[in-house]
Amino acid sequence: MRLAVLGTGYVGLVAGAGFADFGNEVTCVDVDADKIARLRRGELPIYEPGLDRLVATNSADGRLSFSTDIAEAVRGADVVIIAVGTPSAADGSADLSYVLSAAESIGRALTGWAVIVTKSTVPVGTADRIRQTIGRVTDVPFAVASNPEFLKEGDALNDFMKPDRIVIGSDDGRARETLRSLYAPFVRTNDRMLFMDARSAELTKYASNAMLATRISFMNDVANLCDRLGADVEAVRRGMGMDPRIGAKFLFPGIGYGGSCFPKDVKAALATAQAAGTQLEILEAVHRVNERQKGVLVDKMIAHFGARLRGRTVALWGLAFKPGTDDTREAPSLVMIDRLLAEGAIVRGHDPVANGVIRARFGERVALFDNAYDAARGADALALCTEWHEFRRPNFQRLKEVLASPVIFDGRNIWDPTELRGQGFVYFGIGRP
Ligand code: NAD
């Protein structure tokens with residue numbers, strides 16, 4: 001099949017390369033000419049494990065190409081995928097300007113029947129707005145389908161190539177059949193394709209992210225209660241997770257969720273409910289708890305150092321919003337850095353891939369290091385923000401030697417408090433004595 005994918009971010013690039021790998025002819029389009037120029041030179045604008053190899057092999061085989069010319073990409077395509085951003089507008093709702101502008105460009109470029117597929121996360125009713133926008137500028141027949149994407153950054157290829165489920169929202173028979181055959185190679189072992197109407201498909205994505213965010217905020221609430229009561233949230237988490245009705249995944253307390261999806265999707269779901277004249281009361285609390293949780297490590301530092309952070313040096317390990325990505329959008333580390341700087345602390349940091357993004361944002365105000373131990377050198381405390389693999393078993397002896405004082409704030413509960421205290425560290429975790 002011939003595909004055009006609009007937007008070459010985390011979703012568009014992974015989807016474009018993934019579809020090409022199954023033999024389709026894919027043109028990835030972006031309005032960002034610099035991004036396209038880099039991709040044509042074989043450089044990836046984002047970090048996602050394994051994506052460089054997939055892009056390189058499919059480009060070399062001629063199945064994957066990059067362009068800024070929407071009209072050329074859409075001409076003759078059977079499937080046109082919208083994978084542009086849907087950031088938060090000032091009122092928290094999803095800003096659909098990129099999606100609708102992409103839809104209008106598609107409408108002007110259509111030369112024959114195609115199904116226009118929305119992979120961007122969009123509020124209920126967007127499929128109708130896309131249909132109207134395209135219909136205003138073309139007489140060529142077309143169909144619209146909602147196909148929310150569930151991949152997670154850091155493991156995006158695996159999620160895309162072996163999806164848990166493929167949700168397709170469309171009432172158009174030809175669109176359904178086209179997408180069934182596009183996705184058939186991804187679900188050969190069993191049929192995990194779910195067909196429904198577009199509104200339900202759009203809501204499925206928000207409800208899924210809202211549920212995942214709820215589990216995180218719930219556990220952060222429980223962790224804070226553990227702190228008050230002297231219980232260990234890690235024991236509580238394991239005890240809960242063994243119940244198959246609850247399940248062990250996504251029960252990890254920490255310093256709050258971040259990234260380009262959960263925060264904006266939770267806010268957009270709240271705005272959708274409000275516009276529909278109702279409320280998602282649980283989700284309102286989920287958002288509040290998450291905002292509070294981003295400050296939990298700095299609160300613990302202030303409690304430990306007795307409100308004397310001015311002039312103290314704090315080292316941060318892991319700055320991306322989660323391991324395996326260079327994405328720092330809404331990362332809790334950003335809130336921590338802002339607050340530490342406002343308290344007068346000196347901030348040093350290290351991230352395996354996100355140093356460049358943090359440098360662009362904070363400049364000289366944060367000293368960034370390629371080596372984790374160099375970042376910790378001379379610091380009064382080390383805070384672990386993101387649990388990259390390389391931080392799981394560090395050389396604690398070496399760490400103790402480089403730190404000015406052996407104080408650790410473990411924002412992801414990855415280290416053993418007993419072991420660290422045995423080695424002479426002062427250890428603080430989240431919800432554990
Ligand atoms: P991104 O910001 O990384 O990329 C979006 C790209 O779209 C940018 O390169 C931008 O230049 C381009 N663009 C904007 N307008 C365009 C137009 N008219 N034509 C062509 N290109 C255009 O975004 P992302 O993280 O890939 O997310 C895209 C969508 O997918 C969002 O709605 C997001 O919520 C959703 N989503 C993201 C993830 C994720 O993990 N990142 C997962 C599932 C769903």
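Since every read-out is calculated from the coordinates, none of them should be taken as a lab result. These numbers were taken from a predicted model, which means no experiment stands behind them. So basically every Cβ, Gly included, is an ideal-geometry build from the backbone, and we count neighbours across all protein chains shown.
With a cap of 10 neighbouring Cβ atoms within 10 Å, and only residues DSSP puts in a loop, list the trypsin sites (Lys or Arg not before Pro) found in the stretch 34-91.
The qualifying sites are 41.
Which number do you get for Rg(Cα) / (2.2 N^0.38 Å) in the chain?
This ratio for the chain stands at 1.06.
I'd like the chymotrypsin sites (Phe, Trp or Tyr not before Pro) in the stretch 31-135 restricted to DSSP loop residues with at most 13 other Cβ atoms within 10 Å, sorted by number.
Sparse-neighbourhood loop chymotrypsin sites (Phe, Trp or Tyr not before Pro): 113.
How high is the relative contact order of the chain, in percent, with contacts defined as C-alpha pairs under 8 Å that are six or more residues apart?
Taking the mean separation of contacting Cα pairs over the length of the chain, I get 12 percent.
Restrict the search to the stretch 268-375; then list the trypsin sites (Lys or Arg not before Pro) that DSSP places in a loop and that have at most 14 other Cβ atoms within 10 Å of their Cβ.
Listed in order of number, the matching sites are 308, 310.
Could you list, in their original order, any pairs among 300/400; 119/294; 152/264 whose Cα atoms are separated by more than 22 Å?
119/294
Once the convex hull of the alpha carbons of the stretch 30-185 is built, what does its volume come to per residue, in cubic angstrom?
So the per-residue hull volume is 134 Å³.
Taking every DSSP beta bridge that has both residues in the chain, what percent is antiparallel when rounded to the nearest 5?
Roughly 5 percent of the beta bridges in the chain run antiparallel, per DSSP.
Quick one: compute the contact order of the stretch 206-287, relative version, from alpha carbon pairs under 8 angstrom and 6+ residues apart, as a percent.
40
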